[in-house]
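Visitor: This is the structure, below, for whatever I ask next.
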Amino acid sequence: MSTVRIPPVLRAQTGGLKQVDASGDTVGTVIASLTSTYPGLAPQLLDERGGLNRFVNVYLNDTDVRHLQELATPVDERDTLLLLPAMAGGAGMPGCPCGCTCGPRVTCACPGRASAG
Amino acid sequence: MPTQTPTTPASPKLDVAGVAMPGSATDSGSATERIQGLRCRNCGRVEVLGPSYVCAACFGPLEVVYDYAVIRDLVDRATIERRPPGIWRYLELLPVSEPPARGLAVGSTPLIAADRLGASLSIDRLWLKDDTRNPTLSFKDRVVAVATARAVEFGADTLACASTGNLAGATAAAAAAAGLRAFVFVPADLEPAKIDHALAYGATVVPIDGTYDQVNRLSMEVADELGWAFVNITLRPFYSEGSKTLAFEIAERLGWRLPDVVVAPIASGSLFTKVAKGFDELVTVGLVEPKPVKFIGGQAAGCSPVATAFGEGTDVIRPVEHPTTIVRSLAIGSPADGRYALDLARRTGGSIESVEDEVTATAIRSVAALEGIFPETAGGVTISAAAQARAAGIIGPDDEVVALLTGNGVKTPDARSYGHEDRPAERGGPGLAPVIAPSLAAFERWLDA
């Protein structure tokens, strides 16, 4: 069993546990085991296609698994997985004044932009 | 007390010092109306305003939600123009209830017409936003000021950060001014001047034997476990909003209009995207007319995950595990806002340029020698990015270009001469003169030799 460390934002799904044990021989199978035991974690850790949520970083011991083989990275039972948010500040824009979805005003190149304002 | 005291002619209210402040107690209702809460950028889930940075439902990043209709009624050009200098003149577009009682004098840095540098780059209308002049010599004072004001409003007693250097000094100084403790986490191989800078303000500096990304990961764990107010982690939704003040100042200085092109460095990508957001907000609240603006970013070739993705035409930003560049302030291998920066450059017809360190060093010398401004390495990257984009035709000869110089070269003095030997001075020329005796005769002998 590998050890998985759970960040505070996910601990509601693990009954408050800071770390849990999960079985598996790759990062992907350990996460599958984890979400099987704690189904509430699945929406946060996985996307709709079963891949890793792009807002989650997974570290095997101290290395980001994206520097390794991602979900196929082999895992030993002495290993520790750390889950953390892939932090981003975001840059939400008010949106194009013409009502389209092409993007923010200063970047909008849609025909409606010129008349909007 | 190092405090800024903006005034607002509309509904002026007196604070305890008898100075009119926008958004002070008696009109604080406007703050709760204009700042609506936090919203997940990914799933749209809304949370109440608090020291949160990640969505509990999907792990997506949180951002501050404003009611722009309310803000539009609160500000106009004349009101802002009557206020004293500093970032708080734009209070209504910042996620803070009122200007802090204690804080540094941040912002209102010069926008300088760079004719000589522009001529060397074949850019006729080049402006330099000189953010080397902020209290701790970088733009980080802007983001930290906003984060600190919010931290105080949230009742924090300790500020912390994970830093590539400039943020360390900015956080340490802001904490000192606000009367808070400060812990700064930095890569142990950071330039000594930047570590000394943070120590000078009384901060505890924690050097980590690792890259910035490893420092950042550790800081996230510390933030989560100890509940400390990390300005660029737990307070990130507020912190990042501070970069918008660059956009506000540029537009106001240009006579309430937008430039054709903005050139900025990209580390996390936050500054780059928030300048665009700032322009958008000015349009939304009716302070400037809408106008397309190209966004051009610069990264150091030794750590250029966003520039690489741009060049390859992919949306996938591959992290750089071991950055190798003299540009420490941009050496973020896993840029938090990289995908947003990539999207912005593409959508505006801009670009993200990768710059070799020797080219950066040459650009630092050019800016200093031609304009009298000594930028740090990120400024060298920015000017080089402008040069490369001009050469590629992305910047046109008649474009009005604003380049952001985000940090001061005195913090990275060795970078200037990277790949370049300082020459001894010849008569009347630049360089280091020989040691001469303290007499006019000795000086004249050398000058006439």
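Visitor: Could you give the nm distance between label points at residue B:181 and residue B:400, where each point is 7 Å from its Cα heading toward the beta carbon?
Guide: 4.9
Visitor: Any idea how far apart residue B:436 and residue A:29 come out in nm if each label point goes 7 Å out from Cα toward Cβ?
Guide: My value for the distance between the label points is 7.9 nm.
Visitor: Same structure again: Within 10 Å of each Cβ in peptide B:55-68, how many partner chain Cβ atoms are there on average? Round it to a whole number, please.
Guide: Working: counts 4, 6, 3, 7, 16, 8, 9, 4, 5, 2, 1, 2, 0, 1.
Averaged over the peptide's residues, the number is 5.
Visitor: What part of the accessible area of the protein assembly as shown, given as a whole %, is carbon or sulfur when the probe is 1.4 angstrom?
Guide: 52
Visitor: Further question: With the contact rule set at Cα under 8 Å and sequence spacing of 6 or more, what percent relative contact order holds for the range B:330-449?
Guide: Computed over the range B:330-449, the figure is 20 percent.
Visitor: About its Cα centre, how strong a charge dipole does chain B have in debye, to the nearest 20, once Lys and Arg get +1 and Asp and Glu get -1 at the Cβ? Each step should come with its number before you reach the end.
Guide: Values: 41 positive and 53 negative charges, 114 e Å.
Magnitude of the dipole: close to 540 debye.
Visitor: In whole Hz and in residue order, list the ³J(HN,Hα) couplings for the range B:50-61 that follow from phi through the Karplus curve 6.51 cos²θ - 1.76 cosθ + 1.60, θ = phi - 60°; x for Gly and Pro.
Guide: x, x, 10, 9, 9, 6, 5, 8, 9, 6, x, x
Visitor: A follow-up question, please. By per-residue mean of other Cβ atoms within 10 Å, what is the highest-first order of B:140-149, B:200-209?
Guide: B:140-149, B:200-209
Visitor: If you don't mind, there's one more thing I want to ask. Along the charge dipole of the protein assembly as shown, which of B:156, B:389, B:212 sits closest to the positive end, that is, farthest toward it, with unit charges on the beta carbon of Lys, Arg, Asp and Glu (+1, +1, -1, -1)?
Guide: The one lying farthest along the dipole's positive direction is B:156.
Visitor: Here's something else I'd like to know. Considering only protein heavy atoms, what per residue accessible area in square angstrom results for chain B with a 1.4 angstrom probe?
Guide: Details: 16580 Å² over 449 residues.
Accessible area per residue: 37 Å².
Visitor: Let me ask something else. Dipole size in debye (nearest 20) for the protein assembly as shown around its Cα centre, Lys and Arg Cβ +1, Asp and Glu Cβ -1?
Guide: Values: 50 positive and 63 negative charges, 225 e Å.
Result for the protein assembly as shown is approximately 1080 debye, rounded to the nearest 20.
Visitor: Could you pull the accessible area for residue A:66 with a 1.4 Å probe, rounded to 10 Å²?
Guide: The value for residue A:66 is about 90 Å².
Visitor: Something else about it: Relative contact order for the range B:223-300: what percent, with Cα pairs under 8 Å and sequence separation of 6 or more?
Guide: Working: 87 pairs, mean separation 25.7, N = 78.
Normalised by residue count, the contact order of the range B:223-300 is 33 percent.
Visitor: Gap in Å between the Cα centre of the range B:86-129 and the Cα centre of the range B:135-157?
Guide: So the separation of the two Cα centres works out to 17 Å.
Visitor: Taking only C-alpha pairs under 8 Å that are 6+ residues apart, what is the relative contact order of the range B:131-246 in percent? Working shown, then result.
Guide: Working: 214 pairs, mean separation 36.5, N = 116.
In percent, rounded to a whole number, it is 31.
Visitor: So who's got an amide H within less than 5 Å of the one on residue B:353, skipping anything under 5 residues away but keeping other chains? H placed 1.01 Å off N, in plane.
Guide: Under 5 Å from the amide H of residue B:353: B:297, B:298, B:299.
Visitor: Now, a different point. Taking accessible area as the heavy-atom solvent-accessible surface of the protein chains with a 1.4 Å probe, which residues of the range B:330-353 lose no less than 50 Å² upon going from the isolated chain to the full protein assembly?
Guide: B:347
Visitor: Residues of the range B:274-314 that become at least 30 Å² less accessible with every protein chain present than in their own chain isolated, using 1.4 Å: which are they?
Guide: B:277, B:280, B:283, B:284, B:290, B:292
Visitor: When DSSP beta bridges are limited to those with both residues in chain B, what percentage is antiparallel, rounded to the nearest 5? Please report the intermediate quantities before stating the final value.
Guide: Working: 14 of 46 bridges.
Approximately 30 percent, going by the DSSP bridge assignments.
Visitor: Can you give the charge dipole size of the range B:388-443 about its Cα centre, rounded to the nearest 20 debye, using +1 on the beta carbon of Lys and Arg and -1 on the beta carbon of Asp and Glu? Walk me through the intermediate numbers first.
Guide: Details: 5 positive and 7 negative charges, 48 e Å.
Rounded to the nearest 20 debye, it is 240 debye.
Visitor: Shifting gears a bit: Using only the alpha carbons, work out the radius of gyration and Dmax of chain B in angstrom.
Guide: 22.1, 78
Visitor: Tell me the accessible surface of residue B:443 in square angstrom (1.4 angstrom probe, heavy atoms of protein chains only), to the nearest ten.
Guide: 80
Visitor: Let me ask another. Which net charge results for the neighbourhood of residue B:53, defined as the other residues with beta-carbon distances under 12 angstrom from its beta-carbon, given Lys and Arg at +1 and Asp and Glu at -1? Let's see the in-between values first.
Guide: Working: positive: B:41, B:150, B:236; negative: B:47, B:63, B:224.
Cβ neighbours under 12 Å give a net charge of 0.
Visitor: Which one of B:185, B:44, B:320 has its Cα pushed farthest toward the positive end of the charge dipole of the protein assembly as shown, where Lys and Arg give +1 and Asp and Glu give -1 at the Cβ?
Guide: Looking along the dipole axis, the top candidate is B:44.
Visitor: Set Lys and Arg Cβ to +1 and Asp and Glu Cβ to -1, take the dipole of the range B:114-273 about its Cα centre, and tell me which of B:170, B:118, B:265 lies farthest positive.
Guide: B:118
Visitor: Chains B and A: buried accessible surface, both sides, probe 1.4 Å, rounded to 100 Å²? Before the final figure, lay out the partial values.
Guide: Values: alone 18480 and 7350 Å², together 21920 Å².
Between B and A, the summed buried area is about 3900 Å².
Visitor: Taking only DSSP H segments of four or more residues, each worth -39500 (n - 2.57), what value at 222 nm results for the protein assembly as shown once the sum is divided by all its residues, to the nearest 500 deg cm²/dmol? Display every interim value, and only then the final one.
Guide: Details: 18 runs with 178 residues, N = 566.
Rounded to the nearest 500, the figure is -9000 deg cm²/dmol.
The values are calculated or read from the model by the stated rules, or taken from the named source; none is laboratory data. Since the structure is predicted, the reported quantities are computational estimates derived from the model, not experimental observations. Counting neighbours? That spans all protein chains shown, and the Cβs are built from the backbone with ideal geometry, glycine included. All accessible areas refer to the heavy atoms of the entire protein, side chains included, with ligands and DNA or RNA removed. Shrake-Rupley method; radii C 1.70, N 1.55, O 1.52, S 1.80 Å.
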